[in-house]
Amino acid sequence: MKQVLVDIKKCLGCRSCELACAVQHSKTKNLYQAVQESPHPRKRIFVESTGDGSFPLNCRHCDDAPCAAVCTTGAMRKDTSTGVVANQPEKCVGCWMCVMVCPFGAIATDGEKHLAVKCDRCPGLEEPACVAACPTGALVYQEVDSFAKGVRKQFLADFLREEGGNL
Amino acid sequence: MKFDGYTIDPAASSMLERCAGQGIDTVWDRYQSQQPQCGFGLLGVCCRNCVQGPCRINPFGDEPQKGICGAGADLIVARNLLRAVAGGAATHVDHAYEAIEALELAARGGAPYQIRDEAKLQAVARKLGIAVEGRASQEIAREVAEAAYADFSNHGREPMKWLTATAPAERVETWGKLGVLPRNPDREIREGLHQTTMGVDADPVNLILSTVKLGLVDGYAGLHLATDIQDIIFGTPTPVASEVNLGVLKKDHVNVIVHGHVPLLSEKVVEWAKRLAPEAEKVGARGIQVAGICCTGNEVLMRQGVPIATNFLSQELALATGAVDAMVVDVQCIMPALQAVAGCFHTKILTTMPIAKIPAAEHVGFTLEDVDKRAEEIVRIAIDNFTRRDRSRVQIPTEKSAMMAGFSVEAIVKALSCLDPDNPLKPLVDNIAGGNILGAVATVGCNNVKVVQDSFHVTLVKELLKENVLIVTTGCSAQALAKAGLLQPEATEKYAGEPLKAVLTAVGKAAGLDGPLPPVLHMGSCVDNSRIGDLLKALADYLKVAVKDLPVAASAPEYQHEKALAIGTWAVALGVFTHLGVVPPVLGSPQVASILTGQTAEDLFGGRFYVETDPFKAAQGILDHIRSKRKKLGI
């Protein structure tokens, strides 16, 4: 099952993913029209940075999702067929338990409606909007194992380049 | 067609196929590589004016809502727009300034430039209040050049003379009341850059007014000045027949393409190509074919009948024919990518201006004084390079269309005076009033890779012609319409509504043409948008109304350049309803967007921007506007 994963070295902090996410979750799905919508569409990915770098954070769609476990109404649920943890707005009462337990801070509020909003991995799109919008390829939509293999290969290449002479 | 999503031009399409086969990158490939484009940039809410930034504003209401200095979206968008318009105005003013220098040389007599159009010289001089009776042309020309220079050395508060002498009086008064009359073109551009640096102007409305001022700089110290002076030294265009599209290149000729905007060199290249034709024959060519791209092409088309090879977006594709021996470039709209395509063939790119060089291209710098020598050198380089052409790699598309061009205001008036010598505008106005002509629309500007090449120009114009709207055109828009066959008399038969067809046929017959006048009149290069301004002024004067009251509109369906934003700003200030087919980077500021496209602009100027990216809806919007103006005039 594919996941939204991040190659942290490539994130420049441009926030293009945030814009694309908000547009994808707007009524019109068009940047120029979305900025004129009221209420404003909400983004579900958050580029945070420390002095050393930046990182786009969104829901990790955990297997044993704490947000789903604590949800008082059963609104937050993991769909085992798609692997997506999603919030059902008609059941959500805005108690924010999910916000409190999410270790990534990936759940935001839709202030106007008192609902929790989070990444729904863009149902209907082949590739989530944030991934498609990333100009540097920092965000990828990939099988976890294939991502890990890439990381291993890169590690080996770096290791041999740096240490090769000493072996 | 395989490249339907790229262009509607079959010649461009066949060259795209060739490029794909040969691994040649084009503007469309690079556009794909640029996807996705930055949303902050598209909305205009990115500020790079100081090094504390870059800053950008969240357009969805979340933080950040202020840049580091405290500038919000409205301010950032307004500042960016002013800078873009200043950039656009700078190009046209720089262009016009060189034309004055050429006029100054012509006034001295001798070579290399002459006064070719004494009537125009006198007309311009009269507008400026310069005495003409019984005086030698050179003396008048010297004073005209001095008057032009005087605007650039105006250290006082008086408005630019070229503006007050050529703009409608009603407008000068309106602009004066708003405090947007420019004094000295260079000073206004300088002030605009100053105004938009970190920590100067924080008022979006004040910035928009300064943007309008720069639009007027563009209109009068750029467009109008350049056209007036170029007409004096090269002649005012008269109707001329020519051809357009890559099929004008010839397999057995030395092919020279002139590309860019300023005719000071390209006119001479055309002249020397004629003179050196025998030399081309010596190397086995049957002659020298000069063809144009962009506005330098339009300039030599309008005055010399030189054919057009193609327009902006397909400039690289002209080189992919393998048949171009030299492409001579001056300034503006010259893609840096050209050299890479030229490098795949024997083609030489010859840069000619000190501010426009391309690494690996050959630079033949010219000065106005030695322009003849350099033009000769350029043509000789092309002839010599013909011998290096690999004939096995030449592939010239067969497509070309016949076209008519050369419709200066003077030429239009002359054609109309065949119907009514005493009152040439009367037949036009009567037909507008009577409804045979619903109104007039000017389509201008560029191609933009975001739009299928030429499609918006052509679709919009066909929709308008059906409804009996007369079209005038300039720039790459004219070239797009010409490629589609809309600049020939046959197009009147094919596309114009019956009443419009009847009018154009009557004018065509009276003017001694075989058939009707084309339904789309090519009025020249982008600086020649001044001609459209003059035509509007003449119509308004005749009707004793303001330009803003006329049933007319302008459209830049596929614009890309800062120049288009500057011209559009001038048009709106003139009172013209101005359609843009590509969204300008202002939507990040609801305030700026609504001022430019809404009631504020309408109240202040009687014109406004109208943004619509669908050609059919745009046609409807323009028609609605024209009908509302007709209603107000009671016609």
What accessible area, summed over both chains, is buried at the B-A interface (1.4 Å probe, Å², nearest 100)?
1500
Taking only protein heavy atoms into account and a 1.4 Å probe, give the accessible area per residue of segment B:246-393 in Å².
32
With a 1.4 Å probe and every protein chain kept in, tell me what percent of the accessible surface of segment B:73-234 is carbon plus sulfur.
50
Per residue, what accessible area does segment B:491-635 have, given a 1.4 Å probe and all protein chains present, in Å²?
35
When only Cα pairs under 8 Å and 6 or more residues apart are kept, what is the percent relative contact order across chain B?
16
Relative contact order (%) - chain A, alpha-carbon pairs under 8 angstrom, separation at least six
28
Amide proton proximity set for B:Ala442, modelled H, under 5 Å, gap of 5+:
B:Val472, B:Ala553, B:Ala554, B:Ser555
Whole-number D in µm²/s for chain B (Stokes-Einstein; Kirkwood sum over Cα pairs; 37 °C, 0.692 mPa s):
132
Heavy-atom accessible area of chain A with neighbours in place, 1.4 angstrom probe: carbon+sulfur share in percent works out to 55
Can you give the Rg to Rh ratio of segment B:35-77, both from alpha-carbon atoms, with Rh computed by the Kirkwood formula?
0.95
Around A:Ala138, which amide H atoms from residues at least 5 apart in sequence, or from another chain, sit under 5 Å from its own amide H, with H modelled in the peptide plane?
none
State the Kirkwood hydrodynamic radius of segment A:60-118 in Å, one decimal place, computed from all pairs of distinct Cα atoms.
11.2
Work out which residues of segment B:52-88 lose at minimum 30 square angstrom of accessible surface when the other protein chains are put back, relative to the chain isolated, with a 1.4 angstrom probe, and list them by number.
B:Arg56, B:Pro59, B:Phe60, B:Asp62
Chain-alone versus full-assembly comparison, segment A:131-158, residues with accessible loss of at least 10 Å² (1.4 Å probe)
A:Ala132, A:Ala133, A:Pro135
Diffing segment B:595-604: the Karplus 3J(HN,Hα) column from phi (6.51, -1.76, 1.60, θ = phi - 60°), in whole Hz with x for Gly and Pro, holds 5, 6, 9, x, 5, 4, 4, 4, 5, 6
Applying the Karplus parametrisation 6.51 cos²θ - 1.76 cosθ + 1.60 with θ = phi - 60° to the phi angles of segment B:307-324, what ³J(HN,Hα) value in whole Hz is obtained for each residue in order, glycine and proline being reported as x?
x, 9, 6, 5, 10, 3, 5, 9, 4, 5, 5, 4, 6, 5, 5, x, 10, 8
Along each principal axis of its Cα atoms, how long is segment B:511-634 end to end? Whole angstroms, biggest number first, please.
53, 32, 27
May I ask which of B:Lys501/B:Lys631; B:Lys127/B:Lys213; A:Lys2/A:Lys78; B:Lys250/B:Lys483; B:Lys251/B:Lys373 have a Cα-Cα span longer than 20 Å here?
B:Lys501/B:Lys631; B:Lys127/B:Lys213; B:Lys251/B:Lys373
Calculated diffusion of segment B:73-234, Stokes-Einstein form, Kirkwood radius summed over Cα pairs, 25 °C and 0.890 mPa s, µm²/s:
150
Mean residue ellipticity at 222 nm from the helices of the protein assembly as shown, using -39,500 (n - 2.57) per DSSP H segment of n ≥ 4 over the full residue count, to the nearest 500 deg cm²/dmol?
-13500 deg cm²/dmol
Name the residues of segment A:3-24 whose accessible area falls by at least 40 Å² when all protein chains are present instead of the chain alone, probe 1.4 Å?
A:Arg15, A:Leu19
Apportionment of accessible area to carbon and sulfur, segment B:408-633, percent (1.4 Å):
55
With r defined as the distance between the Cβ atoms of B:Lys282 and B:Ile355 and R0 fixed at 30 Å, what FRET efficiency is calculated, to the nearest 0.05?
0.25
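According to the Kirkwood expression over distinct Cα-Cα pairs, how big is the hydrodynamic radius of segment B:230-346, in Å?
Result for segment B:230-346 stands at 14.3 Å.
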Please list, in order along segment B:459-465, the HN-Hα scalar couplings obtained from phi with the Karplus expression 6.51 cos²θ - 1.76 cosθ + 1.60 (θ = phi - 60°), rounded to whole Hz, x for Gly and Pro.
5, 4, 5, 4, 4, 6, 4
Charge dipole (chain B, unit charges on Cβ, about Cα centre) - positive-most of B:Val324, B:Val85, B:Ala125
B:Val324
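Counting only heavy atoms of protein chains, what accessible area per residue, in Å², does segment A:1-87 have with a probe of 1.4 Å?
51
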Quick query: amide H of A:Met76 versus all other amide H atoms, modeled in the peptide plane; which residues come in under 5 Å with a sequence gap of 5 or more or a different chain?
A:Gln88
Residues of segment A:46-76 with backbone nitrogen within less than 20 Å of a virtual label 7 Å along the Cα-to-Cβ line of A:Cys95, please, listed as ranges.
A:64-76
Picking from A:Phe155, A:Phe147, A:Phe46, which is most flexible by a Gaussian network model of chain A using Cα springs under 10 Å?
A:Phe155
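Throw me the Rg/Rh for segment B:267-320, computed over C-alpha atoms with Kirkwood Rh, two decimals.
1.03
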Förster-model FRET efficiency, 51 Å R0, B:Asp372 and A:Ala69, C-beta, rounded to 0.05
0.05
Cleavage-rule hits (trypsin sites (Lys or Arg not before Pro)) in segment B:265-343: DSSP loop, at most 13 neighbouring Cβ within 10 angstrom:
B:Arg286
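Any idea what % of Cα-Cα pairs in the protein assembly as shown are farther than 40 Å? Walk me through the numbers on the way to the answer.
Numbers: 136007 of 321201 pairs.
Roughly 42 percent, once rounded to a whole number.
The values are calculated or read from the model by the stated rules, or taken from the named source; none is laboratory data. Bear in mind that the values here come from a model prediction, so they are computed numbers and not experimental data. Glycine gets a Cβ as well: all are built from the backbone with ideal geometry, and neighbour counts include every protein chain shown. For the accessible areas, the whole protein counts, side chains as well, though only heavy atoms, and no ligand, DNA or RNA atoms are used. Shrake-Rupley method; radii C 1.70, N 1.55, O 1.52, S 1.80 Å.
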